[in-house]
Amino acid sequence: MAAARNNAEWISALARRLVLPESPGSTDSSDIKDAARLAVSNAKLCDEIIAYAQLFREHPVALDRELVETVSRVANAARAWATVSCQHRGDDTLSETAVTAIGPYMEVIYELAQLRGRKVVANLMPHAVSDLKFAARALLGMTDPTAGMLDGGWKWIYGLCVWMCTLSLIPFPLDTIIEPRIVSHLLETGVALLVHPGAVRTVAAAMLARVLVRPDRRNDLHVFVRRVAVSLSSDESTAEDRVVERRYERYGMIQTLTEICKVGRRHDIDAVFSQHFSMLIASLTSIVDQDARSVSSLDHHLIVKLVSRMAALLFPEVPLRWKYVRSYDSLFGRKQGTRGLAPTARDQLVSREESIITLRAIDQMEHVLNVVLLELEHPDTIVRWSAAKAVGRLTERLPFELAMDVVEAVLALFYDNKSGDSDDISLRTYADAAWHGACLALAELFSRGLILPADVGADGKSKIFMDKAVRIILAALKFDVRRGAHSVGANIRDAACYCCWSLARAYNAKDLVRLSESGLAEALLTVALFDREVNCRRAASAAFQEGVGRFGVDFCKAGVDIVATADYFSLGDRNLCYVELAPKIARLGGESVLNTLWSELVSTKFAHWDVSVRQSAASSIGRLAEIMFESPVTERDFRAEWMRIQNTAMVSPETASRHGATLALAALLRASTCALRTQSIAVVREVLESLGWLKPKQGSISLARPSWSLSMKKLSSSQLLLLTAACELVNACFADLVILSARSDEEVRHEPADINYTLRFLVQCAKLSRASTSLQTSVAAAVQVTTHVCLQDPDTCTLLKQVLLGKDEDATDTVADQHAFLLIVGNLPSGSVPSVWAIPPTAPNEASLFSACFEKVLTFFCDGVDIGMACNACIALASLFEAGCKEKRLCKTQAESALKRLGWGLNNYFTDERGDVGSLLRRECVHVFGRILSYLTGYLLDRTEGFVELLRRVVDMLVWQLCERMDAVRREALETFLIGRDDLARLHLFEAGDLAALQDVCVRVRNLGYMDMKTDMFIVLASLLRKSCFRNSVMLGLVSCMVSSHGIINVSLLQSRPAFSRIVEDSSLECLVALVEEHTCGDRLLLPCLIVLERALLFRAVYRSHSEPGNQRLEHQLHLAFRIVTLYRKHAQSCRDLHRLQSIGRALLECAELAMRSTFETKNAEDTSVTWHTVRLKAFEGLMLLLCHAMPLVRVFTADILYLHVLANVHTDSDGSAEHNAQRSLLGLLGRTGWDRASIEELRANRNQICSFLGIIPPRKRGVTTGVQN
């Protein structure tokens, strides 16, 4: 809010900076130029005001504080510039220049009107009598066809029309202020603007209406209404090129008539409309009855507004006596609501007006009401809303009998037979538009007190209407119909909440004695807590809050506490409403609220069409069941609810119902009593058998359709959902059994057949879980608790061993079986007694179960294995490693094999159309290493060199992942190093100082945030390059961050001097060269390393000086440059990748330029051949190889960079010399365009000439076939 306030203050400050022009004393050119400069300056200020105003789009009310001053100053500036223009011309007319000058100010008015509303801004405009003359002439000048309206001119017209809306209220006759011809011209201009297709039409209609309803413009009003009536009733065919214009003209006329009825005084406009009422109504209804293709929704919307306001003119202005008025509190006492508040003195007047209605308006009213009631069923919301307003506006002017007929017609829209005689509401589920329009109409009738309560009605008919309306509202609060892939009914439920809100505001609690018995408060609570749409939840909460505030405890006993709990913000999270708010409100509301919420969840929500709603409803059922067990609820009553849900899960034909019921059973098992838990496994088997896809087969089960296990794509989403819910049920059942067996003194035993059946079901689900992540998660959790129960029985242990070894009767050794094996092994309970790995072998020479599973898991770490399978193998490997260390079953050889497989996974960068899918495996490997890190110290007691080296290599790979470009992998590596720092210290792989530096870097990176490799994080990680033990790993990780494997450059890192300065240090650059020379970086990072090395050379050539003191360092740099040139020349001979070759060419040229700018020559007597001149020659020799490469693009690229290099080094001060002529000849050879089309022989000849100019030996042809044509 502080920022918004500052922006608003800045807008008013900009408005204060608008400079008003001075009255010119002369017409010198200098004065005119000064005025022009001021106009340009003010126009820029107007643009700034508009830019700041756009910041208030979402909260325009924050502008109100500065809006008065801003509007006033902008309008005064426009008036001042117009006044100066008139003084320049010597008359009262505005020049085109003046109209253009005031345009920016009117554009500011337009933008403010769009933000805050036209009426608000119009009320703030200046309204002096002198302003009317200026505004009228400016509007006429802008709309002059000969003026040539500029871009944005319609915004200027809009601003002037807004001003004219205010100025038209001046009480003096217009002819006394401005000339009559200007007034006539102004009216013609307003009529002409009604054809505009945009916002100008609306504001022009408002302006024209306010001018026409003036007492001095009655003749013009008669003429305009007659013109509109004739135009609308005209049946003349319109030319095709004027169809659109004709439609916009009709919109403008209807809008103008509506504004006239709205702002005009009745005694001024009644006579005018009464003359043309029949013609207008007939014309408008004929438009509505036309084909939908020729009549838009805007036609219906505008026509409904107009006919309702025209019909209201026929009725009395004062409210009729029968209307209900709510009592209110005042300082002088409490006023009670009655059937009418008309004083006795007005009874005679009201009776006379009722007789007038009978004589004049009854015949015409019926036709208007038919049109309005039909529009309540229109497909568009804007039309239904206008029709609902019209129903309320017309009904409050009718006598009691006629008004009750309208109420009855509105209520009939909810029924199939349109009669409404039956007490049972027959939902017209196919007519959602009618339901929505009727609910809006009911809300309008409620808000105006037009449906009388039971005890103040004139007869029993009103009582029936109120009771029926409340029942309809209760039905509308539950309206939710599935149509195709979406649902219909959210707008109806929202409108029903609006009805409840209107009902609470319009009536007294004592007049609605049966409202508390209707269950309206509980229905609103269910919508506020359990509705799918957030706007419906918040609307229901607002209606409930209004009911509590108006009716008090009669509406809801704990209403105040409930309103404080279910506030606007907490209702924004749907899952929070189900899981957290529903139990709290159930405790606050007592048994009635608890029963209502439970009934809504069990009857509707757990069978909802939306999966997420069913899941949340199941969780809420479990939470509410815990509250039910706290209250004195008998076990018999709960068993009845249990059986009801169980039957739904087993026999319901709807997939959604079965899915939700199964999830609800799982939630109930977690909250149920011990007596029910001991019998739950039999219930689970009944539910599993009822799925229909599983059939018993000699003590086992298998899929009824075996083809599903071969192709997971054939599984429908509903089948996967049911399997997931079944696994959740198994998990809840066996988790409770594990807890029960741990707490109970007696052993809890079950039939082995039930446990075997459940285990085989989970195995089958594990085979299918590759098709769904949620199913895989549910199976994993269910396997862990089920296996714990299986180990208590020898028979089930045998089955579990067969499943693990793949020797059960359903095993087929397919991909699905392998996936199921890894999923089961990865989720076996660790540290359970007895252990699954303690199952003895069945044959004397048979390997132990642990060794067999361990060797089988290791086979999944190889190239060609699916990434998802490899990730599951990592989890299984971690589970086996932990179990083997705890139970002393893991030997050192197996530990080394596990580390090798983790190293393979950490170096997996497999990509496909999805991207870097190998990052999933790398992340899982990092996580697994963190899990097994604490167990590795036991294998380093003898300090075997091979094992220590292997472990150090794996840690180096982790450091590499710490500097990786993938955020998820980097986050996992950071957590591993931070959590396992004590374990790393006990391994003694690094010096204490190096490990402390690593931990410090991890803490700093965590403080910076895990996401996105930014410059600050890059600098922190690059500080590890100073540690020789981490240099190679950190360098490879940072290189992959700066340049991807495809050559895509991260500009923010690669061009950052602070970040890149770490790379160009001598030790780091030498490390990078060594990585490329030894091919440690691999083929994947070769191109990134070459690009980074090339940029490092450019960085050093520009920001480093080779004339620094210290010959030893300069000699080191010379040898490093020689190694780089040799490295690039080697790759130039063998490489065939275009991006790599381009990077090599740029790097060789950088080396040549670096050598040319160097003045140092080495004094090393042992190797006098290594000089900067040698480096230059080697670099140009490499470029000559690329100049005759087999790829034309490489040849063209090399020629281009050489041309630019020679051009940059041409000596212009030595024209005519031999060196200058040689350079010109060299430019001529390189500038030829035939490097991509000429023959190889011709290219070699040109290349050899270039070599002679550069003073190098041309490359010789070799017999070995390579990518380079020497």
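Quick look at the values:
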read-out	value
Sorted peptide list for 191-202, 1187-1198, 717-728, criterion being average Cβ within 10 angstrom, highest first	717-728, 1187-1198, 191-202
Separation of alpha-carbon centers, segment 981-1043 and segment 382-417, rounded to whole Å	74 Å
HN-Hα J in Hz across segment 518-531 - Karplus 6.51, -1.76, 1.60, θ = phi - 60°, x for Gly and Pro	6, x, 5, 5, 5, 5, 5, 5, 5, 5, 5, 9, 10, 5
Sites PHE172 and HIS267 - FRET efficiency at Förster radius 22 Å, r taken between beta-carbons, to 0.05	0.60
Three-way shape label, segment 127-310, alpha-carbon gyration tensor, a/c 1.5	oblate
Accessible carbon and sulfur surface of segment 127-310 relative to its total accessible area, %, 1.4 Å	53 percent
Virtual spin-label span in nm between THR565 and ASN1007, 7 Å along Cα→Cβ	4.3 nm
Potential lengthening between ARG914 and ASP795 on full extension [0.36 nm per residue; Cα-Cα distance subtracted]	38.3 nm
Listed peptides 487-497, 556-566, 596-606 by packing density, highest first (mean Cβ within 10 Å)	487-497, 596-606, 556-566
FRET efficiency, 1/(1 + (r/R0)^6) with R0 25 Å, evaluated for ARG952 and THR777 via beta carbons	0.10
Rough spin-label spacing in nm, given labels placed 7 Å along Cα→Cβ, for ARG1237 and GLU245	5.7 nm
Full-stretch length increase - ASN76, GLU630 - with 0.36 nm per residue and alpha-carbon distance subtracted	192.2 nm
Cα centroid separation, segment 854-915 to segment 172-234 (Å)	84 Å
Estimated FRET transfer efficiency when R0 is 35 angstrom, pair ASP754-GLU580 (beta carbons, to 0.05)	0.50
Added length on full extension, which subtracts the Cα-Cα distance from 0.36 nm per residue, THR893 to ARG514	128.3 nm
Segment 527-587-segment 98-131 distance, computed between alpha-carbon centres (Å)	44 Å
Nonlocal amide H pairs with ARG482, under 5 Å, H built at 1.01 Å	VAL488
Relative contact order for segment 127-310, counting Cα pairs under 8 Å that sit 6 or more residues apart, in percent	20 percent
J(HN,Hα) series, segment 597-609, from Karplus relation 6.51 cos²θ - 1.76 cosθ + 1.60, nearest Hz, glycine and proline x	5, 5, 5, 5, 5, 6, 8, 10, 6, 6, 10, 5, 6
Karplus (6.51, -1.76, 1.60) ³J(HN,Hα), θ = phi - 60°, over segment 464-476, in Hz, Gly and Pro reported as x	4, 5, 5, 4, 5, 5, 5, 5, 5, 5, 4, 6, 5
Loop sites in segment 822-918: GluC sites (Glu not before Pro), DSSP, at most 15 other Cβ within 10 Å	GLU846, GLU887, GLU913
Long pairs among LYS1130/LYS1178; LYS478/LYS584; LYS133/LYS262; LYS510/LYS557; LYS801/LYS886; LYS478/LYS510, criterion Cα-Cα beyond 18 Å	LYS478/LYS584; LYS133/LYS262; LYS801/LYS886; LYS478/LYS510
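The values are calculated or read from the model by the stated rules, or taken from the named source; none is laboratory data. Values in this document were obtained by computation on a predicted structure and should not be read as measured data. With ideal geometry, Cβ positions are generated from the backbone for all residues, glycine too; neighbour counts draw on all protein chains shown. Side chains included, ligands, DNA and RNA excluded: accessible areas come from the protein's heavy atoms. Shrake-Rupley method; radii C 1.70, N 1.55, O 1.52, S 1.80 Å.
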